[in-house]
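Only one structure is covered here, and it is reproduced in the block below.
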Amino acid sequence: MALPALVLCLALFAQDVWSSGDGPAWTYTGQHGPVNWGSMFRTCAGKRQSPINIETGNVKTEFWKPFSLKNFDQPPTNMRVKNNGHSAVVEIDAPSAPRVTQGGLKGEYIFAQFHFHWGADSSMGSEHTIDGVRYPMELHMVHYKGSYGTLGNAVSKPDGLAVLGVMLEVSETDNPALTPLVSALNNITESGMFATVAASYPLRAFLPSNLERFYRYEGSLTTPTCNEVVTWTVFANAIPVSEKQMRSFRSLRNDQGGNMVNNFRPPQALNNRRVLVSGESGADSASMKKVGLTLYFMTSMAVLMMNM
């Protein structure tokens, strides 16, 4: 959906659904850290919380149509990054809103922003873990359901948000797509600062090349107020980041004036939720069932003819 004159501002820095509003301040350490979020914010003690540890031996395979990414290959007209005191948040202006459908999602979701979680060193950083393994960084690409109209409306709906989670692993060379962003981080070291980023790369550059293999479950925002409104997609394949680039993220400072590191929530209880994994196929489950029935019918007919 293109706008006739002005570019589309996909989200406003002033509207931060990951803030606690008028509630108490929260942190990643101390008495206001994750272990106490549940007593500070009722929803953070819910039964559908994120992140989780994904046990690959205890997942159910589903066959969905491949993701359909619209306008993900078009570089934005403008990008901005903000130090919001908890993370580095990236928002864009674009002539047409990036949208994602299929991949098992129930509806069309519109891009809002992406942000990062990282550790003090590369032994930690990601929020989700896979078989207990934690990556040095995790990128969350946030989308809201288009039928709800706005991001603000969507955060109150059980299926309001779809977040694409991307793991980052250390590489010996810089990730070119991250280079403009990393350069801008040097100008926003203090909480509340923001800077323009050279919009050289489309959103697709921040996703892994293989989008077919991913994990899916129903969860929440990973920061207060922990709204249980997220359909999570966690890709099995990672994208690269260099240690030099990681140091730029670690140079940011949080709301308390300290180094912004270890800004991740520990894995939460699964509480009988199902974790699904995508089958690497272009066919959806309905098509697979039809194929199975056809094979069963043909096999039965062959056996019948042999016995005639």
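The values are calculated or read from the model by the stated rules, or taken from the named source; none is laboratory data. This structure is a prediction, so every number in the text was calculated from the model and none was measured. With ideal geometry, Cβ positions are generated from the backbone for all residues, glycine too; neighbour counts draw on all protein chains shown.
Would you be able to say whether some residue in segment 93-102 is in a strand (DSSP E or B) and crowded, with 18+ Cβ neighbours inside 10 Å?
We begin by selecting, within segment 93-102, every residue in a strand (DSSP E or B); these are 93-94, 96, 99-101.
From the residues that got through so far, the ones that are crowded, with 18+ Cβ neighbours inside 10 Å too are 94, 100.
Yes.
Search segment 241-276 for residues being of a type in the set (D, E, K, R) and surrounded by 13 or more Cβ atoms within 10 Å (Cβ to Cβ), and hand back the single one that is farthest from ASP121 (Cα to Cα).
ARG273
For MET137, all conditions in the list (1) surrounded by fewer than 22 Cβ atoms within 10 Å (Cβ to Cβ); (2) under 28 Å from SER39 (Cα atoms) hold save one; what is the number of the exception?
(1) is the only condition that MET137 fails.
Please state which of the following conditions THR129 fails to meet, knowing it meets all the rest: (1) in contact (Cβ under 8 Å) with a residue 60 or more places away in the chain; (2) within 15 Å of the chain's Cα centre (by Cα); (3) under 25 Å from ALA195 (Cα atoms).
For THR129, the exception is condition (3).
Kindly indicate the residue of segment 142-159 that is in contact with a helix residue (DSSP H, G or I) (Cβ under 7 Å, 6 or more places away or on another chain) and of a type outside the set (D, E, K, R) and also surrounded by the fewest Cβ atoms within 10 Å (Cβ to Cβ) among those meeting that condition.
TYR148
State yes or no: is GLY107 surrounded by fewer than 20 Cβ atoms within 10 Å (Cβ to Cβ), at positive phi, in contact with a Lys or Arg (Cβ under 9 Å, 6 or more places away or on another chain) and touching a residue at least 40 places away in the same chain (Cβ under 8 Å)? Break it down into steps so the answer makes sense when it comes.
Numbers: surrounded by fewer than 20 Cβ atoms within 10 Å (Cβ to Cβ): yes; at positive phi: yes; in contact with a Lys or Arg (Cβ under 9 Å, 6 or more places away or on another chain): yes; touching a residue at least 40 places away in the same chain (Cβ under 8 Å): yes.
The answer is yes for GLY107.
Restricting to segment 135-188, what's the tally of residues that are charged (D, E, K, R) and over 16 Å from LYS244 (Cα atoms)?
Summing the residues that are charged (D, E, K, R) and over 16 Å from LYS244 (Cα atoms) in segment 135-188 gives 4.
Condition test on SER123, is it more than 22 Å from SER50 (Cβ to Cβ), surrounded by fewer than 17 Cβ atoms within 10 Å (Cβ to Cβ), more than 16 Å from the chain's Cα centre (by Cα) and small (Gly, Ala, Ser)?
no
Which pairs turn up if I take residues in segment 158-186 that are more than 23 Å from GLY85 (Cα to Cα) and look for partners that are buried (at least 22 other Cβ atoms within 10 Å of the Cβ) and of a type in the set (Gly, Ala, Ser) with beta carbon separation below 8 Å, at least 6 apart in sequence or on another chain?
So the pair list comes out as GLY160/ALA154.
In this structure, is THR173 among the β-branched types (Val, Ile, Thr), exposed (fewer than 15 other Cβ atoms within 10 Å of the Cβ) and part of a loop (DSSP other than H, G, I, E, B)?
When the stated conditions are applied, THR173 passes them.
Would you be able to tell me the number of residues in segment 110-125 that are more than 15 Å from ALA88 (Cβ to Cβ), in contact (Cβ under 8 Å) with a residue 60 or more places away in the chain and outside any strand (DSSP E or B)?
Matching residues across segment 110-125 total 3.
So, THR150, is that one in contact (Cβ under 8 Å) with a residue 60 or more places away in the chain and on the phi < 0 side of the Ramachandran plot or not?
no
I'd like the full set of residues that are more than 13 Å from GLY160 (Cβ to Cβ) and outside any strand (DSSP E or B), limited to segment 208-224.
PRO208, SER209, ASN210, LEU211, GLU212, ARG213, THR222, THR223, PRO224
Please specify each residue of segment 182-207 satisfying the condition of being surrounded by fewer than 19 Cβ atoms within 10 Å (Cβ to Cβ) and assigned to a loop (DSSP other than H, G, I, E, B).
Selection gives ASN186, ASN187, THR189, GLU190, SER191, GLY192, MET193, ALA198, ALA199, SER200.
Please specify each residue of segment 234-272 satisfying the condition of being over 28 Å from ALA184 (Cα atoms) and modelled with pLDDT of 95 or more.
Within segment 234-272, ALA236, PRO266, PRO267, GLN268, ALA269, LEU270, ASN271 qualify.
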